[in-house]
């Protein structure tokens, strides 16, 4: 535990600020293996909250959790050519077990489509076996070559991957949008991060997919972060892995498939979007600790009386379902505790001192604004519940304003480049639909098409690159 708080200002050196907050708030630590990280108790508890929320959602709609092996035979990965080509640069291979050379190399799971779908071909025989809707929480290994950034870019990370098979194309389409909708609800309602939703361009879609839908958030440094994807796989993998069924018409058909996923990078987004110069600011609905109680025994007051009252509040709030900590450690000063729990991002702090004891009240301090309010003893439970909801909504509203301020509609390539260089963010630009123009922007600026909105907005000017007739308005940005 560090006695030194965050020393870097968020608006002065964002990258350094982020790393400092991650380490000093004890969200993560670097592992002894290059490119890997350790999720510490605080961050893993947030991941468990995300799991809890999302599991409830998908189980209510008939999805079931499973677990498939970590190792995938090379021949499986190679079966779908586009998929293999897209992932092979990032795959970690095992060629030896103990002292024995393996007859076939094994990939350490970069994604599970191939091993799952080889099994689907055995599980699915009839229309009665459909839809098949499974989900897996697991670890993924991709041998990234870029610099390690905790939660955002590491060689091993945790994720959720849903995989479904359907009898018709319409059912597959509906599933793609269902998953994307649940992701959006999770991220906006629980993580308090607004997102743009839509499709990826063909060059940015998932390898082997018919098309990819996505949700993108904007970080304070002007870079986009992909928060989740939902892919329509069509019948590509069904053809390769012979996933067929006998329909009600007694004819043989290939299934229609989807896959969708979110990762622990969501935690990185929470840190970046909501954090401040004091450390983390966590949304109450996913905060591992919602309330911390700090007794302040001084000025001649009896420590035992204040301690007893603090314990009374602790028990009461815990019984009401809040996640609460009583910090009655005697070796630290109240000021040190305030800084410590602010660094940890705990949404609400309750202070109890001698004057509060006499006036039968507590002082509530909200993490997002620092505002202090005296609350009567009888109102503590209701006030806590109300304040947590206010903080949750305030964080989203603030992030929504930040997102809107980072969207710039541009009409010329010069404006595109100048704005991107000056402030980053999303460049909302007219695009002709040609991959050559998309590639030029990427080569020139490093920006890619992050989102093609579902609702088409008629362009008011020609393509931002070539000057020919534009087909639609799309969002470009540099990204993590």
What is the distance in Å between the Cα centres of segment 205-281 and segment 412-467? 23
Which of the peptides 422-433, 73-84 is most tightly packed, and how do the rest follow, going by the mean number of other Cβ atoms within 10 Å of each residue? 422-433, 73-84
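Return the FRET efficiency for the residue pair residue 26, residue 312: r is the Cβ-Cβ distance, R0 is 30 Å, and the value is rounded to the nearest 0.05. Could you put the intermediate results ahead of the total?
On the way: r = 29 Å, r/R0 = 0.97.
For R0 = 30 Å, the calculated efficiency reads 0.55.
Hey, what did segment 206-341 get for relative contact order, percent, Cα under 8 Å, at least 6 apart? Before the final figure, lay out each step's value.
On the way: 166 pairs, mean separation 21.7, N = 136.
Result for segment 206-341 is 16 percent.
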Per-residue counts of other Cβ atoms within 10 Å, averaged by peptide: what ranking do you get for 274-282, 241-249, highest first? 274-282, 241-249
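Calculate how many DSSP beta bridges within segment 291-388 are antiparallel, expressed in % of all such bridges and rounded to the nearest 5. Walk me through the numbers before you get to the answer.
Working: 9 of 17 bridges.
Roughly 55 percent of the beta bridges in segment 291-388 run antiparallel, per DSSP.
Please work out whether segment 14-274 counts as rounded, prolate or oblate from its C-alpha gyration tensor, where a ≥ b ≥ c are the square roots of the eigenvalues and a/c under 1.5 means rounded, while otherwise a/b larger than b/c means prolate and anything else oblate? All intermediate terms of the calculation are to be shown ahead of the outcome.
Working: a/c = 1.98, a/b = 1.34, b/c = 1.48.
Oblate, since a/c reaches 1.5 and b/c is not below a/b.
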What is the Cα centroid distance between segment 28-50 and segment 307-364, reported in whole angstrom? 27
Want the number for residue 372 to residue 148: 0.36 nm per residue separation, take away the alpha-carbon distance, what's left? 76.8 nm
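To check you understand DSSP bridge types, tell me what percent of the beta bridges within the chain (both residues inside) are antiparallel, rounded to 5.
Here the antiparallel bridges make up roughly 80 percent for the chain.
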So the angle from the long Cα axis of helix 169-185 to the longest Cα principal axis of the chain, reported in degrees to the nearest 10, equals 20
What's the whole-number percent of alpha carbon pairs in the chain lying beyond 32 angstrom? 49
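How much of the DSSP bridge set in segment 407-477 is antiparallel, in percent, rounded to the nearest 5? Walk me through the numbers before you get to the answer.
On the way: 8 of 11 bridges.
DSSP beta bridges in segment 407-477 are roughly 75 percent antiparallel.
Remind me, relative contact order of segment 407-477 in percent, using alpha carbon pairs under 8 angstrom and six or more residues apart?
On the way: 132 pairs, mean separation 28.7, N = 71.
Here the relative contact order equals 40 percent.
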So for segment 427-473, using the alpha carbon gyration tensor with a ≥ b ≥ c as root eigenvalues (a/c under 1.5 gives rounded; past that, a/b versus b/c decides prolate or oblate), I'd call it oblate
For residue 412 and residue 333 in one chain, what is 0.36 nm times their gap in residues minus the Cα-Cα distance, to one decimal in nm? 22.7 nm
Modelled FRET efficiency - R0 22 Å, residue 67 with residue 92, Cβ distances, 0.05 increments: 0.65
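Mind running the shape call on segment 291-388? Use the C-alpha gyration tensor, a ≥ b ≥ c as the square roots of the eigenvalues: rounded below 1.5 for a/c, prolate if a/b tops b/c, oblate otherwise.
Details: a/c = 1.45, a/b = 1.14, b/c = 1.27.
Rounded, since a/c falls under 1.5.
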State, to one decimal in nm, how far the label point of residue 360 lies from the label point of residue 13, with both points 7 Å from Cα in the Cβ direction. 5.3
Computed over the chain: relative contact order in percent, which uses C-alpha pairs under 8 Å that are six or more apart: 14
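How do 442-452, 223-233, 470-480 rank on mean C-beta neighbours within 10 Å, highest first?
On the way: 442-452: 18.4, 223-233: 24.2, 470-480: 20.5.
Descending mean neighbour count gives 223-233, 470-480, 442-452.
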Label 7 Å along Cα→Cβ of residue 471; segment 428-464 residues with amide nitrogen under 11 Å? 431-436
If I take R0 = 41 Å and measure r between the Cβ atoms of residue 397 and residue 440 in this structure, what FRET efficiency does the formula 1/(1 + (r/R0)^6) give, to the nearest 0.05? 0.65
Distance in nm between pseudo-label sites at residue 323 and residue 244 (7 Å out along the Cβ direction from Cα): 5.0
Hey, what angle do you get for helix 113-123 against the long axis of the chain, alpha-carbon based, 0 to 90 degrees rounded to 10? 70
Roughly what angle does helix 303-319 make with the longest principal axis of the chain, taking Cα atoms, 0 to 90 degrees, to the nearest 10? 30
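All of the numbers you see were taken from the coordinates with simple rules; none came from a lab. Quick caveat, the model's predicted, so the values are computed rather than measured. A quick note on method: Cβ atoms are made from the backbone with ideal geometry, for glycine too, and the neighbour counts reach across all protein chains shown.
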